[in-house]
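Below is one structure, written out as structure tokens; comments come after it.
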Amino acid sequence: MRRREWPAAHTCRVVISRRWAVFLIGVGVWTWVIWPRFGLAIWDDDRAFRNGSPTSFLWVHAVLIVASLAIGTTVGVLGVRAWIAAGRSARADQRKEGAAVGAPQD
């Protein structure tokens, strides 16, 4: 049986607009504002501990909180990187335009 040949992966750079970068940064910040407060509410909940030991209720929510914080952090970092990349792209475009304006035309 022959193996199927997959096309080569598209590896061009992706530049996200500054507006989307701000959105991603906002999601990352929002995650860090909301989830720790939720964690405190879960910790204080009567269902979190039984006889001094953590219950599955606490463990499940702890896993959800940690996963959400990890995802939120990743999204926020991507937003910061997108903001920086969009600025670099805009500056490079301005330099190209400036060079084209001063260039002699045939």
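The values are calculated or read from the model by the stated rules, or taken from the named source; none is laboratory data. All of these numbers come straight from a predicted model, not from anything done at the bench. With ideal geometry, Cβ positions are generated from the backbone for all residues, glycine too; neighbour counts draw on all protein chains shown.
A few notes on this one:
- Residue within region 13-28 that is small (Gly, Ala, Ser), in a strand (DSSP E or B) and free of Cβ contacts under 8 Å to residues at least 60 places away in the same chain present: no
- Close Cβ contacts (under 6 Å, 6 or more residues apart or on different chains) running from residues in region 48-61 that are in contact (Cβ under 8 Å) with a residue 12 or more places away in the chain to residues that are basic (Lys, Arg) and assigned to a loop (DSSP other than H, G, I, E, B) comprise Phe57/Arg47.
- Residue check for Ala48: modelled with pLDDT under 95, in contact with a helix residue (DSSP H, G or I) (Cβ under 8 Å, 6 or more places away or on another chain), surrounded by 15 or more Cβ atoms within 10 Å (Cβ to Cβ) and on the phi < 0 side of the Ramachandran plot: no
- Some residue of region 78-98 being in contact (Cβ under 8 Å) with a residue 12 or more places away in the chain, closer than 19 Å to Leu40 by Cα, surrounded by 11 or more Cβ atoms within 10 Å (Cβ to Cβ) and of a type in the set (A, V, I, L, M): no
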